[in-house]
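Taken together, the values in this text are just the output of simple stated rules run on the coordinates, not laboratory data. Being a predicted model, the structure only gives us computed values, none of them experimental. Cβ sites come from the backbone with ideal geometry, for glycine too, and all protein chains shown count toward neighbours.
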Amino acid sequence: MRIAVTYENGMIFQHFGHTEQFKLYDIENGSIVNTQITDTNGQGHGALAGFLADKGVSVLICGGIGGGAQTALAQAGIRVYGGVTGSADEAAEAFLNGTLSFNANVQCSHHEHGSSCGGHTCH
């Protein structure tokens, strides 16, 4: 299994579609056996689902995420755990331990109004 976390300076980046890096965690027998940080190379909302699928990701941990991205990830077979904050490493460990606190209803809906996430945090 491979987990991806939106990533910036050790923390969970709070806007999926604008993330410039993911930290990938390779899991075997319930433990993290390898990690790597990978650049998205400027790919936006729509392309990131394919990017993660190509990397073999089955679980995404992130902060804010829009409905379109959630749909694209679901179609790619990637489970989304959104609304998560804090340390990327701690979130990956919490997922493995079954203690990850996430918001199943997280939705970054302000895109419908033509604004961006630049000035605030998505919830």
>> Below 15 angstrom from the Cβ of GLY56, what's the summed charge of the other residues (Lys, Arg +1; Asp, Glu -1)?
In response: +1
>> So, R0 is 30 Å and r is the distance between the beta-carbons of GLN21 and MET1; what FRET efficiency does that work out to, to 0.05?
In response: 0.90
> Packing-wise, with mean Cβ within 10 Å as the measure, how do 12-18, 50-56, 77-83 rank, highest first?
Replying inline: 12-18, 77-83, 50-56
>> Just to be sure I understand: if I project the alpha-carbon convex hull of the stretch 50-110 onto a plane and average over all orientations, what area do I get in nm²?
In response: 4.3
>> Using only the Cα atoms of the stretch 5-79, what are the Rg and Dmax in Å?
In response: 11.7, 33
> Hey, with R₀ at 22 Å, roughly what FRET efficiency would THR38 and THR71 work out to, going by the Cβ-Cβ distance, to 0.05?
Replying inline: 0.45
